[in-house]
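*Asks:* Okay, here's the structure, questions in a sec.
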Amino acid sequence: MEFAVLGLFCGILILCIVCNVSIIYALLAGFVIFGCYAKKKGFSVKEILHMAGEGIWKVRNILITFMLIGMLTALWRQAGTIPVIICYTIHFIKPSVFLLMVFLLNSLVSVLTGTSFGTAATVGVVCATMGSVLSVSPWLCGGAILSGIFFGDRCSPVSTSALLVSELTETSIYRNIRNMLRSALIPFVLVCILYTMIGMKTSHTQELPDLTGVFHQEFRIVWWTLLPALVILALSVAQLGVKISMLASIAVALVLCVWIQGMPLMELPHILIFGFHSENAEIASMLDGGGIVSMLRVGAIVCLSSSYSGIFEKTGILDGIQATVETLAQKTFPFLAILLTSAAASAIACNQTLAIMLTQQLCARTERDKERFANDLEDSVVILAPMIPWSIAGAVPLTAVGAPQSSILFAFFLYLLPLCRVLDGIRKKG
């Protein structure tokens, strides 16, 4: 019965994707399906709603982070932070290596800050805007950003996903990072080669545009507007926490909006809620976006998907699947079983945190070595979650940078790492 229930939900998800219907409707249907399953198991409606509430309460910090990301991305635009970064750096960029630079820069910042969402909302937005200026395909730019932010999200000592995996597996995060760097070396080099080759094939020979004059029409281009970016980078390196770093950056940006850019105080709430919108068509095409409203869709996805976790835990709907996973691991090899399980868990969970917890629960008996199991989780579910089109792991960063969902197809690091692990597993099994 458990397989039928999960299969029905997956079928509805696929139908929504094929018919181009919002995934929120599928998640609502999933809540009804899992609620009916819990009802059949003997739980009352009140108990089912309480289970759902417990699941949503567990991700309250994620919802708060979404709100902060929306405000941050709007204020970095309005304060002139993104325009001044573009004006100061665009002359140093070669179109032929732009994609490689985007990947490496986002990888570096995500390792330092430990957050894929925060990196996408800051450096990722800058890269996407510069890509638009250089006429780089938004699909390619979004893919390079997605690859970079999850390279760091996977192996940063201050990453919430890395910390979660170390806690669930009872391992040392620093030993895990050492193992992760070893397994990611070959895929990392291959990704660098791919982005370099694509950049050389798609680069343009014309001179890069000088946007200083364009941005001067609406912003004061002064170095002080870099302070929001410097503040969030410094506080993240100091490991003061993502929310504290974002709040500090938001506070500085608010001051700059009024003091430097001359924005009336009464207009700040509108910017925070609805984002930045320019009346200049040329600036609007590069900078429009951000705001709390831009995060509402992904927030709804998180709330609905997280409501499942409480129902799964209380009803034991996943217990029968665990034995199937163990059998698969015995017939093939542990990493393949973990990878396939993580794909299903990511599709059902719709967010990285719940997907990690479900995969760990279902695959805990497939690998006896804790450190190896931790590395298997990092090389599967942590980077597979953003590949699911309806998962917030990929939807939030792509929304923040304004890239299409199809950018997932060009996030090469997310493909090559598990592929290399599977090939290595087949070699050892043979």
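The values are calculated or read from the model by the stated rules, or taken from the named source; none is laboratory data. Model, not experiment: these values are computed from the prediction. No Cβ is skipped: glycine too gets one built from the backbone with ideal geometry, and neighbour counts run over all protein chains shown. Ligands, DNA and RNA are stripped out before the accessible areas are found, and what is left, the full protein with its side chains, is counted by its heavy atoms. Shrake-Rupley method; radii C 1.70, N 1.55, O 1.52, S 1.80 Å.
*Asks:* Could you say which residue among L8, L15, L28 is over 26 Å from the mean Cα position of the chain (by Cα) and open to solvent by 20 Å² or more (accessible area, probe 1.4 Å)?
*Replies:* L8
*Asks:* Within the stretch 42-77, how many residues turn out to be outside any helix (DSSP H, G or I) and within 20 Å of the chain's Cα centre (by Cα)?
*Replies:* The qualifying residues number 1.
*Asks:* Please specify each residue of the stretch 313-335 satisfying the condition of being within 28 Å of the chain's Cα centre (by Cα) and surrounded by 21 or more Cβ atoms within 10 Å (Cβ to Cβ).
*Replies:* Within the stretch 313-335, V325, P334, F335 qualify.
*Asks:* For the stretch 56-93, give me the residue count where each residue is within 28 Å of T353 (Cα to Cα), of a type in the set (F, W, Y) and open to solvent by 50 Å² or more (accessible area, probe 1.4 Å).
*Replies:* Of the residues in the stretch 56-93, 1 are within 28 Å of T353 (Cα to Cα), of a type in the set (F, W, Y) and open to solvent by 50 Å² or more (accessible area, probe 1.4 Å).
*Asks:* Hey, another quick one. Taking the stretch 379-430 as the search range and keeping residues that are surrounded by fewer than 22 Cβ atoms within 10 Å (Cβ to Cβ) and aliphatic (A, V, I, L, M), which one is nearest to A26 (Cα to Cα)?
*Replies:* M387
*Asks:* Kindly check whether there is at least one residue in the stretch 359-367 that is more than 23 Å from the chain's Cα centre (by Cα), within 21 Å of S305 (Cβ to Cβ) and crowded, with 24+ Cβ neighbours inside 10 Å.
*Replies:* Yes, the stretch 359-367 has at least one match.
*Asks:* Starting from the stretch 287-300, take each residue that is buried (at least 18 other Cβ atoms within 10 Å of the Cβ) and list its partners that are of a type in the set (D, E, K, R), counting only C-beta distances under 8 angstrom and pairs at least six apart or across chains.
*Replies:* Sorted first by the residue in the stretch 287-300, then by its partner, the pairs are L287/R77; G289/R77; G290/R77.
*Asks:* Another one. Taking the stretch 340-358 as the search range and keeping residues that are surrounded by 22 or more Cβ atoms within 10 Å (Cβ to Cβ) and at pLDDT 90 or above, which one is nearest to A162 (Cα to Cα)?
*Replies:* By that ranking, first place goes to S342.
*Asks:* Further question on the same structure: Taking the stretch 99-116 as the search range and keeping residues that are open to solvent by 10 Å² or more (accessible area, probe 1.4 Å) and closer than 30 Å to A281 by Cβ, which one is farthest from the chain's Cα centre (by Cα)?
*Replies:* So, considering only residues that are open to solvent by 10 Å² or more (accessible area, probe 1.4 Å) and closer than 30 Å to A281 by Cβ, the one farthest from the chain's Cα centre (by Cα) is M101.
*Asks:* Sticking with this one: Looking at this structure, is L240 outside any helix (DSSP H, G or I) and open to solvent by 40 Å² or more (accessible area, probe 1.4 Å)?
*Replies:* yes
*Asks:* Looking only at residues that are surrounded by fewer than 20 Cβ atoms within 10 Å (Cβ to Cβ) and of a type in the set (S, T, N, Q) in the stretch 172-182, which one is farthest from V422 (Cα to Cα)?
*Replies:* Of everything passing the filter in the stretch 172-182, S172 is farthest from V422 (Cα to Cα).
*Asks:* Find the residue count for the stretch 284-294, including only residues that are in a helix (DSSP H, G or I) and in contact with a Leu (Cβ under 9 Å, 6 or more places away or on another chain).
*Replies:* Count: 2.
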